[in-house]
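Below: one structure, written as structure tokens.
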Amino acid sequence: MIEVRGLTKTFGPVAAVTDLTFDVGPGTVTGFLGPNGAGKTTTMRMMLGLVAPGSGSVTIDGRPYRELRDPTSVVGAVLDSSGFHPAHTARDHLRLYARMGRYGSDRVARVAEVTGVSAFAHRRTRGLSTGMRQRLNLATALLGDPRVLLLDEPSNGLDPEGIAWLRRFLRDLAAQGRTILVSSHVLGEIEQTADQVVVIREGRLVTAGPLSELYGSASVLVRSPQADRLRTMLAAPTEILSSEVLRVHDLSAAEIASVAAAHGIPLQELTSERPTLEQAFLHLTGGTTP
Amino acid sequence: MTTLISAEWIRLTSSRIWLWGGVAALASGAFIGLLALAGPENFDPPLPPLDTAEGTRVLLGLLGFLACLPALFGTAAVASEYRHGTVTTTSLFAPRRWTWLTAKLLAYTGAGLVYGFLAAAVAAAALFAAAAIDGVTLGLPVGVVLSLLARVALTMAVYTLLGVAIGALLRNQVAAMAVVGGYLYAVETALTMIPGVKALYPLLPGGATAALTGFTYLADAVAGQTGEPAVPLLSAPAGGAVLVGYALVAVAIAVLAPLRRDIT
Ligand SMILES: Nc1ncnc2c1ncn2[C@@H]1O[C@H](COP(=O)(O)OP(=O)(O)O)[C@@H](O)[C@H]1O
Ligand SMILES: [Mg+2]
């Protein structure tokens with residue numbers, strides 16, 4: 001369980017994060033969403049003790065990251081700024097951090113295998129592609145077999161194949177019951193993996209909850225030669241779009257159809273309208289619908 | 001802490017920096033041998049010859065002057081952690097930053113000691129060989145030469161510690177190396193030209209180094225140019241203590257300063 005409480009950070013005149021409060025429940029995959037510059041990276045760095053909050057706190061299983069015993073066995077993190085010594089091989093990198101975390105060479109072999117790093121373990125990191133670097137980052141984060149994973153825009157710079165691989169990989173990790181917080185500036189990226197979302201904008205919380213709640217309320221488009229008569233039969237808020245077309249809220253298409261049938265009203269069209277997640281997200285974060 | 005130190009050792013030995021360090025150490029020692037072979041009396045300006053105590057001391061002192069090299073290696077090694085962005089991962093694995101910084105300082109001081117003794121051993125071999133080739137005996141007894149060389153090796157270890165501390169403080173690899181190299185090779189020499197500051201020379205890093213390595217030639221030369229008497233240097237142990245003091249202050253700042261600094 002990650003508890004973020006009243007987190008605030010300013011960089012000079014820039015309010016990067018303001019009074020941010022949310023929870024990340026155990027065993028969930030939570031999407032951390034917001035447009036570029038919303039404060040996702042800053043928030044995640046504060047969670048990991050890399051950036052000192054101006055005020056507020058973050059605890060992981062009740063303790064700040066810094067006070068966790070063997071922190072990398074509790075939380076693994078994949079951050080965009082983490083680099084590698086160019087002269088080290090991928091395996092050197094893993095070996096070095098395995099030693100820092102006191103993990104055995106069996107862990108090095110294991111994480112290299114599950115992330116596919118073993119295919120280029122003996123290459124120097126200066127020659128690795130973005131995809132390989134991201135795998136190495138993931139492998140490093142997994143050294144301690146942590147039950148919590150924080151990933152900051154992990155698919156940035158990956159090609160479609162890499163993104164597909166990463167998605168599958170995260171789904172597998174989630175299926176093992178790990179808690180995952182993954183940030184993104186596009187909803188589509190985490191739509192298939194996340195069950196919870198935290199949406200921020202300009203450093204403030206917009207909404208937090210199940211992904212399904214991001215959807216706006218559904219409506220149904222109805223076309224009928226007797227639109228006006230149908231409208232009086234439906235006990236629901238209705239917009240009149242033309243003499244024959246209505247938009248009905250709070251009722252399902254099936255409910256409308258049965259009312260129409262009961263009163264012998266012919267229907268020519270019955271279309272469920274549901275804003276796409278992306279539209280809902282853009283609406284929430286102040287972007288415009290494309 | 002031992003885990004962190006051994007991790008630093010892996011970091012050090014898996015990049016090629018250790019190789020270059022070894023090469024530099026060997027080259028420093030060999031350089032002294034080369035000078036000895038050429039004969040200090042043939043330099044311009046001429047230095048006392050090898051078979052005088054003064055001449056042998058000058059050559060050993062020149063080796064001490066090369067102590068900045070391991071300092072630069074230490075600086076580069078720590079600053080590279082920031083340059084390559086591994087500091088993020090390192091801080092995740094050891095979130096109490098003073099722990100890994102301290103581990104680095106200890107590991108590199110050890111490496112500096114190895115470097116120093118390597119350079120000193122090569123220099124010793126080269127000196128004795130040069131003397132034998134020239135058919136002269138060194139101007140100092142063997143025991144004195146060896147103890148002076150050991151002091152040079154210690155100086156190199158302390159300098160590495162200094163270099164690491166400054167690298168951790170400045171974080172920018174190029175800037176840190178410029179500061180370390182620039183100060184040791186240029187600024188301090190310039191400082192000693194100023195009459196008032198000259199009195200402080202024994203307490204400056206260079207003066208303390210001279211006391212520790214027993215290399216007073218530079219101070220004497222400055223004194224000769226300005227026509228004033230040379231400022232007496234500290235005793236070797238006192239010089240060593242001053243040098244370690246500098247290193248410890250740098251270390252303390254290096255360890256304490258990053259604690260609240262954001263890693264972004
Ligand atoms: N080290 C820093 N110094 C100054 N401003 C910063 C720094 N890091 C982030 N910011 C600012 O804080 C805001 C939030 O940035 P960030 O957390 O990186 O957002 P996101 O990851 O959501 O794109 C931005 O306006 C950014 O310019
Ligand atoms: Mg970001």
Taking into account only those residues within region B:167-191 that are under 20 Å from B:Tyr201 (Cβ atoms), of a type outside the set (A, V, I, L, M) and touching a helix residue (DSSP H, G or I) at 6+ places or on another chain (Cβ under 7 Å), which is surrounded by the fewest Cβ atoms within 10 Å (Cβ to Cβ)? B:Tyr185
Among the listed residues A:Pro154, A:Pro146, identify the single one that is within 22 Å of A:Tyr65 (Cα to Cα), in a loop (DSSP other than H, G, I, E, B) and either within 16 Å of ligand 2 (Cβ to nearest atom) or without any contact (Cβ under 8 Å) to a residue 24 or more places away in the chain (or both). A:Pro154
Quick one: which residue in B:Ser28, B:Ser15, B:Ser6 is touching a helix residue (DSSP H, G or I) at 6+ places or on another chain (Cβ under 7 Å), of a type in the set (Gly, Ala, Ser) and within 14 Å of chain A (Cβ to nearest Cβ)? B:Ser6
Just to be sure I understand the filter: pairs with C-beta atoms under 6 Å, separated by 6 or more residues or on different chains, first member in region A:69-97 and facing chain B (nearest Cβ under 7 Å), second member among the acidic types (Asp, Glu) and part of a strand (DSSP E or B). Which pairs pass? A:Leu79/A:Asp152
Taking region A:17-59 as the region of interest, how many residues are within 16 Å of ligand 2 (Cβ to nearest atom) and more than 19 Å from the chain's Cα centre (by Cα)? 2
Of the residues B:Tyr159, B:Tyr115, only one is away from chain A (no Cβ under 12 Å), within 15 Å of B:Ala247 (Cα to Cα) and aromatic (Phe, Trp, Tyr); which? B:Tyr159
Filter result (modelled with pLDDT of 80 or more and in contact with a Leu (Cβ under 7 Å, 6 or more places away or on another chain)) within region A:205-222: A:Leu205, A:Val206, A:Thr207, A:Val220, A:Val222
Note: among A:Thr140, A:Thr179, A:Thr193, A:Thr130, just one is at pLDDT below 95 and more than 26 Å from A:Ala208 (Cα to Cα), namely A:Thr130
Consider A:Val14 carefully, then state whether it is in the same structural domain as A:Ser183 (by TED's automatic domain parsing), more than 12 Å from ligand 2 (Cβ to nearest atom) and more than 23 Å from A:Leu211 (Cβ to Cβ). yes
Has region B:56-71 got any residue that is away from every other protein chain (no Cβ under 14 Å), in contact with a Ser or Thr (Cβ under 6 Å, 6 or more places away or on another chain) and within 30 Å of A:Val78 (Cα to Cα)? no
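Here is a yes/no grid of residues against (1) in a helix (DSSP H, G or I); (2) within 16 Å of ligand 2 (Cβ to nearest atom); (3) under 20 Å from the mean Cα position of the chain (by Cα):
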site	(1), (2), (3)
A:Glu113	yes, no, no
A:Gln134	yes, yes, yes
A:Thr140	yes, no, no
A:Glu161	yes, no, yes
A:Arg171	yes, no, yes
Can you list residue pairs whose Cβ atoms sit under 6 Å apart, with the first residue in region B:74-94 being of a type in the set (Phe, Trp, Tyr) and the second being not in a helix (DSSP H, G or I)? Count only pairs 6 or more apart in sequence or on different chains. B:Tyr82/B:Arg171; B:Phe93/A:Gly101
Consider only pairs whose beta carbons are under 8 Å apart and that are at least six residues apart or on different chains; among these, list those whose first residue lies in region A:172-196 and is more than 16 Å from ligand 1 (Cβ to nearest atom) and whose second residue is among the hydrophobic types (A, V, I, L, M, F, W, C) and part of a loop (DSSP other than H, G, I, E, B). A:Thr179/A:Met1
In region A:115-134, how many are free of Cβ contacts under 8 Å to residues at least 40 places away in the same chain, surrounded by 15 or more Cβ atoms within 10 Å (Cβ to Cβ) and among the β-branched types (Val, Ile, Thr)? 1
Region A:46-56: number of residues that are touching an Asp or Glu at 6+ places or on another chain (Cβ under 8 Å) and either more than 14 Å from chain B (Cβ to nearest Cβ) or surrounded by 21 or more Cβ atoms within 10 Å (Cβ to Cβ) (or both): 3
Mind checking which residues of region B:92-108 are surrounded by 23 or more Cβ atoms within 10 Å (Cβ to Cβ) and among the hydroxyl-bearing types (Ser, Thr, Tyr)? B:Tyr108
Output yes when any residue across region A:73-88 is in the same structural domain as A:Gly25 (by TED's automatic domain parsing), farther than 30 Å from B:Thr13 by Cβ and within 16 Å of ligand 1 (Cβ to nearest atom), and no when none is. no
Can you confirm whether A:Thr43 is of a type in the set (S, T, N, Q), buried (at least 21 other Cβ atoms within 10 Å of the Cβ), under 27 Å from A:Arg171 (Cβ atoms) and away from ligand 1 (no atom under 11 Å from the Cβ)? no
Criterion: under 30 Å from B:Ala79 (Cα atoms), modelled with pLDDT under 80 and outside any loop (DSSP other than H, G, I, E, B) - qualifying residue of B:Val222, B:Val197, B:Val187: B:Val187
From A:Arg69, A:Arg5, A:Arg95, A:Arg91, residue being away from ligand 2 (no atom under 16 Å from the Cβ), within 23 Å of the chain's Cα centre (by Cα) and among the basic types (Lys, Arg): A:Arg5
Would you confirm whether or not region A:15-37 contains a residue that is more than 16 Å from ligand 1 (Cβ to nearest atom), assigned to a strand (DSSP E or B) and exposed (fewer than 15 other Cβ atoms within 10 Å of the Cβ)? yes
From the list A:Leu94, A:Leu7, which residue is assigned to a strand (DSSP E or B) and either of a type outside the set (Gly, Ala, Ser) or within 16 Å of ligand 1 (Cβ to nearest atom) (or both)? A:Leu7
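The values are calculated or read from the model by the stated rules, or taken from the named source; none is laboratory data. What you see is a predicted model, and the numbers here were worked out from it, not measured in a lab. Positions of Cβ are generated from backbone atoms using ideal geometry, with glycine treated the same way; all protein chains shown enter the neighbour counts.
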